[in-house]
Amino acid sequence: MSKPIGPDVAYRLKTISDPALSPDGARLAYSYSWTGPAPGDALCRIMMLDLATLQPKEFTQGREDTAPKFAPDGATLAFLRRDEQGRRQVWLIGANGGEARKLTSAPRGVFDVAWSPDSRRVVYAADVGGDAPSEDPNAEDAKANRGPEVKVVRRIRFQYDTLGWRGDAHAHLFVAGVDGAPARQITDGDWDDVAPTWSPDGSRIAFISERRDDRDVRRLSEVYVVPAAGGAPEMWSQGLFSAGAVAWSPDSRKLVVIGSEAPEGMVLWQGWLFILEPGGPARRITDDSLRPYLGFPMVTRPPELRWTEHGQILFLGERRGESFFFAVPAAGGMVRELTGGGCQSSGLTVDRGAEAAAMLSSSPNSPGDLYYVDLVSTASERLTDTNREYLAEHVPARMEKFRIQREDLEVECRLFFPPDFDPARRYPLVLDIHGGPNGAFYDSFVPLQQVLATSGHLVLAVNPRGSSTYGDGFMMAVIKDWGGEDYLDLMAAVDEVCGRPYVDSGRLGVHGYSYGGYMASWTVGHTNRFRAAVVGAPCIDLYSAYGTSDIGVSFGEVQWGGSLVDAATELIKRSPITYASNVNTPVLLLHGEADARCPIGQSEEYFVVLKRLGKEVEFVRFPGCSHSFVRTGHPKMREEYLARTLGWFQRWL
């Protein structure tokens, strides 16, 4: 009999990331992470998979080795490893193995790295300025002897969740020779320059920057091109308000970019492919029936975007909560699905000749594995089965997809069933609400949903209006309407499922994280139908979040309809804390203490108000945890989040 997937799944699962094909397509490098119960057991190393034998081998020996990238000549592999101070640096190792050597000594560490076409240089992005640590080994001791020092803030964007305090620091580009010559900074200024990519002819480097005068209050970005030897950058993205990834044409004369013409700067959630030329307008070649996938810039790297010699643009994209590998002519035309569907993909790598590719994909039955794609025949093959033994003993929940109609909009839902589901029984139901609000639930393996479903709950995952991957209009429908029609979409989905005979409508729970936490707290302030609520990292007071969140101004003014000056009444009206006196549902608050996105003060406010009103509420704080800890944090903290969520629902449902 299958065992439930328990909270210790945070320790039990092995994960894969950062796939990188060798130029000849013969080998595949990737990051491989695993952990054990002891604090020192967490490891991430580079693996090398021979595609002829399908035999992987451990290729590096560091404790946290990530982001492998082959040099264009295939002889060297660059990757990121933390130095003695915990800062990520670029390291190099021969593609056939050997001792790795450190290439960079960036005082704040390296964000990203890209090879030159001649394999003799790399360009990388790293923070400079502000109170960056010195490279002088004696400087830190001298600083400690001076005692505590103040931190001075001069701009709104002085911090960034997960990255932490940035102060006056900005990311800029550096070029370093692999021969060990000192790195040379090629961009500077009071802005960030990131995502560098070298032109095929080696003469120029394209990158993404934020140089508008209003960059401190709006998350907009542009594409620039700078000579590889340094010089004045040229802006190529006229007409676009934001950009998230960029790649060169084979002749080094044009760029393809994932960008947006929307002044709200929403490229992360809905972008389009554009062709750029110097001095000309951006030309769009995709529509909003799909969303090119970007990842989370500054925190995770986007998958490869490739312009082939045959005039095709290859990219990962998403539609209706599923991922696909797409191709579209650079000249414009029909977008083709090469493979995909029924999964969520987060990694793509293509060989030099664009004859083969590898994808990293998760499905409801798999947390994430690598797949080989023959780009000539479009046939695909699974390369890894990373968690086979664990999943054989812990069978994942079964997923059903269905849609409901709300006036002129169709809302897609996913319902997860226990592996031993019996339609003659009645089950408690937990509504899970995603973040964003422009995130989405996919055909993928979500640990929390699996823990709840395999322990005997039905789990309902809804993509209400505001969710991405369903078109721009659907996504933008939540703007200035948090807690409005999005809430009604969720309740309509619950109504639909509660009509099924195996659902016990007297045992309903609700969980949400981030915007999902906002919506879970909004829900229990507007209905008493739920017997338990778990509210993760919520934004419950929009008025205070505006001035304390790292994106309160840039994100809040777009999503909530204005600033404290011109929208104060609306911010209070749309805040769940305003309706705290209506709450009769037991509430569990879970929040990371280092969260800069939805600061822990949001949960502190809600807890105090609910407690003062005599409500049933409990508050759990996660030390040192940022907003993203439920995905990337310490396994002990992730296990604790899962265990407390499960325990709360078992107690009250």
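Within 10 Å, count the other beta carbons around each residue, average over each peptide in 590-601, 187-198, and list them highest first.
Descending packing order for the listed peptides: 590-601, 187-198.
Dipole magnitude of segment 346-429 about its Cα centre, charges +1 at Lys/Arg Cβ and -1 at Asp/Glu Cβ only, in debye to the nearest 20?
Value, rounded to 20: 300 debye.
What is the angle, in °, between the Cα long axis of helix 515-524 and the longest principal axis of the Cα atoms in the chain? Nearest 10 is fine, range 0 to 90.
10
If Lys and Arg each add +1 and Asp and Glu each add -1, what is the summed charge of the other residues whose beta carbon sits under 13 Å from the beta carbon of Glu261?
Net local charge, Glu261 excluded: -3.
In Å², what does the accessible area per residue of segment 506-582 work out to with a 1.4 Å probe?
Accessible area per residue: 30 Å².
Averaged per residue, what accessible surface does segment 220-379 expose to a 1.4 Å probe, in Å²?
Accessible area per residue: 36 Å².
Quick one: accessible area per residue over segment 20-80, 1.4 Å probe, rounded to a whole number of Å²?
Dividing the accessible area of segment 20-80 by its residue count gives 40 Å².
Viscosity 0.890 mPa s, temperature 25 °C: Stokes-Einstein D of segment 233-380 from its Kirkwood Cα radius, in µm² per second?
Once the numbers are plugged in, D ends up at 158 µm²/s.
Would you mind pulling out the separation of the Cα centroids of segment 244-288 and segment 483-553, in Å?
Value for the Cα centre distance between the two parts: 35 Å.
Ignoring any ligand, DNA or RNA, what whole percent of the accessible area of the chain comes from carbon and sulfur when the probe is 1.4 angstrom?
Carbon and sulfur together cover 50 percent of it.
Restricted to Cα positions, what overall size does segment 485-531 have along the principal axes? Three whole-Å values, descending.
Dimensions of segment 485-531 along the principal axes of its Cα atoms: 32, 21, 17 Å.
Compute, for segment 261-415, the length of the dipole vector about the Cα centre, with Cβ point charges of +1 (Lys, Arg) and -1 (Asp, Glu) only. Units Debye, rounded to 20.
The dipole magnitude comes to about 80 debye.
Relative to the compact-globule scaling 2.2 N^0.38 Å, provide the ratio for the alpha-carbon radius of gyration of segment 62-112.
With N residues counted in segment 62-112, Rg over 2.2 N^0.38 Å equals 1.09.
In what sequence, highest mean first, do 442-448, 537-543 appear when ranked by Cβ atoms within 10 angstrom?
By packing density, highest mean first, the sequence is 537-543, 442-448.
With N set to the residue count of segment 476-570, report its C-alpha Rg divided by 2.2 N^0.38 Å to two decimal places.
1.22
Before rounding to the nearest 500, sum -39500 (n - 2.57) across all DSSP H runs of length at least 4 in the chain and divide by the residue total; then give [θ] at 222 nm in deg cm²/dmol.
Value at 222 nm, helices only: -4500 deg cm²/dmol.
Using mean Cβ contacts within 10 Å as the protection proxy, how do 165-175, 281-291 order, highest first?
165-175, 281-291
How far is helix 564-573 tilted off the main Cα axis of the chain, in degrees rounded to 10, range 0 to 90?
40
Measure of size requested: the Rg and Dmax of the chain, with Cα atoms as the atom set and Å as the unit; please supply both.
Taking only Cα atoms of the chain, I get Rg and Dmax of 24.4, 72 Å.
Nearest 5 is fine: what % of DSSP beta bridges in the chain come out antiparallel, could you say?
About 80 percent, rounded to the nearest 5.
Using the Cα atoms of segment 177-231, I'd like the radius of gyration and the largest Cα-Cα distance, Dmax, both in angstrom.
Gyration radius and largest Cα-Cα distance of segment 177-231: 13.0, 41 Å.
Of Lys69/Lys151; Lys573/Lys615; Lys573/Lys611; Lys57/Lys102, which sit over 29 Å apart, Cα to Cα?
From Lys69/Lys151; Lys573/Lys615; Lys573/Lys611; Lys57/Lys102, over 29 Å: Lys69/Lys151.
Answer rounded, prolate or oblate for segment 536-649, using the Cα gyration tensor with square roots of eigenvalues a ≥ b ≥ c: rounded when a/c is under 1.5, else prolate when a/b is larger than b/c, else oblate.
Because a/c hits 1.5 or more and a/b fails to exceed b/c, segment 536-649 counts as oblate.
Counting only other residues whose beta carbon sits under 11 Å from that of Glu407, what net charge do I get with K and R as +1, D and E as -1?
It works out to a net charge of -2.
For segment 369-492, what does the alpha-carbon gyration tensor say about shape, rounded, prolate or oblate, given a ≥ b ≥ c as the root eigenvalues, a/c under 1.5 as rounded, and a/b over b/c as prolate?
Oblate is the answer for segment 369-492, as a/c is 1.5 or above yet b/c matches or exceeds a/b.
Let me make sure I get this right: for segment 364-442, a, b and c are the square roots of the gyration tensor eigenvalues over alpha carbons, sorted descending. Under 1.5 in a/c it's rounded, otherwise prolate if a/b > b/c, else oblate. Which is it?
Here segment 364-442 falls in the oblate category.
As an exercise, take the mean of 1/r over every pair of distinct alpha carbons in segment 572-638, invert it, and state the Kirkwood radius in angstroms.
Evaluated on segment 572-638, it is 12.8 Å.
Using a Debye calculation, one point per C-alpha and no hydration shell, please list log10 I(q)/I(0) for segment 1-111 at q = 0.15, 0.20 Å⁻¹ in order.
-0.69, -1.05
The values are calculated or read from the model by the stated rules, or taken from the named source; none is laboratory data. In this text the structure is predicted, and so the values were computed from the model without any measurement. Positions of Cβ are generated from backbone atoms using ideal geometry, with glycine treated the same way; all protein chains shown enter the neighbour counts. Heavy atoms of the whole protein, side chains included, go into the accessibility calculation; ligands, DNA and RNA do not. Shrake-Rupley method; radii C 1.70, N 1.55, O 1.52, S 1.80 Å.
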